[in-house]
Number of protein chains: 4
Amino acid sequence: MAADRVRASFAKQRVMTTIGATLERVEPGEVTIAMPPNPALTQQHGYLHAGIIATIADSACGYAALSLMPDDAAVLSIEFKTNMLARAEGERFIARGRVIKPGRTIMVCDATVHAVRDGSEKLIATMTGTMMVVQGRGISD
Amino acid sequence: MAADRVRASFAKQRVMTTIGATLERVEPGEVTIAMPPNPALTQQHGYLHAGIIATIADSACGYAALSLMPDDAAVLSIEFKTNMLARAEGERFIARGRVIKPGRTIMVCDATVHAVRDGSEKLIATMTGTMMVVQGRGISD
Amino acid sequence: MAADRVRASFAKQRVMTTIGATLERVEPGEVTIAMPPNPALTQQHGYLHAGIIATIADSACGYAALSLMPDDAAVLSIEFKTNMLARAEGERFIARGRVIKPGRTIMVCDATVHAVRDGSEKLIATMTGTMMVVQGRGISD
Amino acid sequence: MAADRVRASFAKQRVMTTIGATLERVEPGEVTIAMPPNPALTQQHGYLHAGIIATIADSACGYAALSLMPDDAAVLSIEFKTNMLARAEGERFIARGRVIKPGRTIMVCDATVHAVRDGSEKLIATMTGTMMVVQGRGISD
């Protein structure tokens with residue numbers, strides 16, 4: 001099942017454990033990843049570093065893509081572009097990735113990242129990413 | 001001195017300490033950041049996660065920009081786009097950022113990331129980023 | 001009125017006349033531009049060139065931003081990123097831009113481009129763009 | 001010969017004729033395209049529209065990629081990101097594209113666009129683009 005594959009692969013992304021990120025939801029073509037704030041991952045003004053935001057957004061995109069791939073395929077991020085829209089501060093950060101164009105070789109995805117503050121969500125970043133479907137290299141995640 | 005300011009701000013980016021990144025070189029408009037491989041920061045195939053590569057590339061861009069800013073200005077990443085060109089594996093990763101268009105409000109930067117393998121460098125990622133010059137908010141880094 | 005300003009500025013974009021593009025809709029923070037297919041604007045396989053798609057998407061983003069700016073401000077595209085999702089062929093192309101993050105200095109926008117084929121719309125491209133609010137240079141569009 | 005293929009394909013891009021663009025140079029992995037200023041292609045302030053700059057930059061990237069592809073392959077732009085660095089005004093515009101990462105399926109390219117003013121070149125835009133190698137669809141350009 002695609003969701004199981006995504007969960008198994010996510011568990012192998014050691015960076016996710018390191019930053020405290022968890023896989024919240026996996027549907028065909030859609031994945032949600034969340035993480036708590038962490039002072040050890042901040043930039044100079046005390047907010048989460050843009051690269052860490054990109055880390056969860058990229059994984060959300062990649063796993064949204066993997067969820068639609070054949071069982072013997074692996075996912076590879078070719079490129080992504082992210083805009084930072086507001087300070088990355090809050091009680092929790094939520095990256096939601098989805099496939100906007102599935103394909104046999106290429107899947108195009110986008111993601112939003114929201115910060116939860118006082119219980120409500122604020123959009124802090126967007127991403128568009130291009131993911132490659134890699135087959136025949138003996139990897140399948 | 002601009003280099004001192006950059007060094008002081010870099011020291012405040014706690015994520016840099018967490019991932020083991022060091023500021024190798026600061027010149028006007030050019031900054032080099034390096035980091036070692038780290039199994040705790042890998043994706044599912046054992047390579048450095050693309051978001052971590054983006055983390056050092058974004059800081060290299062941001063500090064290249066800050067090095068050209070007035071003393072009372074702070075730097076803010078508005079957006080970046082990164083292409084992953086090769087597997088992020090090696091003995092060491094080196095991000096070199098430079099300002100390609102300085103400006104009063106906006107600075108456009110690019111960065112390369114190389115992996116050192118067996119002593120030679122391989123280009124593994126590129127970034128283009130747009131940095132904002134923030135003044136009058138009581139921050140200066 | 002913001003819509004009038006956008007219409008007046010659009011009328012000055014001579015490239016829009018040249019490619020046959022028309023301003024279909026202006027709301028605060030949202031602009032729609034349409035154009036017909038045109039063999040004179042095609043790439044080697046007979047589809048609309050990606051740069052022409054980017055032309056209408058960029059103007060849709062820019063004018064969405066301008067619609068939210070003060071009367072004495074002008075809009076400047078700093079950067080955009082576009083993904084081509086499907087062949088640009090159809091009876092008509094529709095670019096819809098909207099502001100996803102308004103700001104005093106920077107506005108972040110996204111756009112979709114659809115091709116109309118047999119009366120139904122197909123998503124063929126997406127764009128994310130960063131627009132600058134330019135004041136004090138004697139231009140206001 | 002790769003250069004002949006690129007020249008033949010460029011000649012089929014009708015938009016290039018329409019905007020007056022010419023193929024100035026083709027080397028393996030590197031292509032230069034130039035165009036004159038043209039009031040019919042301007043934005044509201046009288047400068048060349050960013051989308052037209054993107055048009056020549058994208059073709060320069062695409063043909064740089066095609067120059068390295070097998071004879072039976074065609075090139076497709078998946079995505080590009082462009083930064084506008086200065087006003088697009090001058091006596092002539094020159095887009096130089098090159099492959100920074102060749103590949104069997106994907107080629108990553110970058111491009112610069114310079115404006116020639118009073119005989120000297122000024123960098124006005126950069127692009128990074130991802131090109132796909134398309135085989136088996138009966139097209140070869």
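Figures for the structure shown
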read-out: Test: residue in region C:97-110 that is within 20 Å of D:GLN13 (Cα to Cα) and in contact with a Lys or Arg (Cβ under 6 Å, 6 or more places away or on another chain); value: no
read-out: Pair list, Cβ under 6 Å, 6 or more apart: region D:37-48 residue more than 18 Å from D:ASP118 (Cβ to Cβ), other residue among the hydroxyl-bearing types (Ser, Thr, Tyr); value: D:ALA40/C:THR18; D:GLN44/C:SER9
read-out: Subset of region A:13-55 (residues that are more than 7 Å from every other protein chain (Cβ to nearest Cβ), under 30 Å from B:VAL6 (Cβ atoms) and part of a loop (DSSP other than H, G, I, E, B)); value: A:GLY20, A:ALA21, A:PRO36, A:PRO37, A:ASN38, A:GLY46, A:TYR47
read-out: Members of region A:1-14 that are of a type in the set (A, V, I, L, M) and touching a Ser or Thr at 6+ places or on another chain (Cβ under 6 Å); value: A:ALA2, A:VAL6
read-out: Within region B:115-135, tally of residues that are buried (at least 24 other Cβ atoms within 10 Å of the Cβ) and of a type in the set (Val, Ile, Thr); value: 3
read-out: Among the candidates C:ALA60, C:ALA74, residue that is in contact (Cβ under 8 Å) with a residue 24 or more places away in the chain and surrounded by fewer than 22 Cβ atoms within 10 Å (Cβ to Cβ); value: C:ALA74
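Where a number appears in this text, it was derived from the coordinates with a stated rule and is not lab data. No experiment lies behind these values; they were computed from the predicted model shown. Glycine gets a Cβ as well: all are built from the backbone with ideal geometry, and neighbour counts include every protein chain shown.
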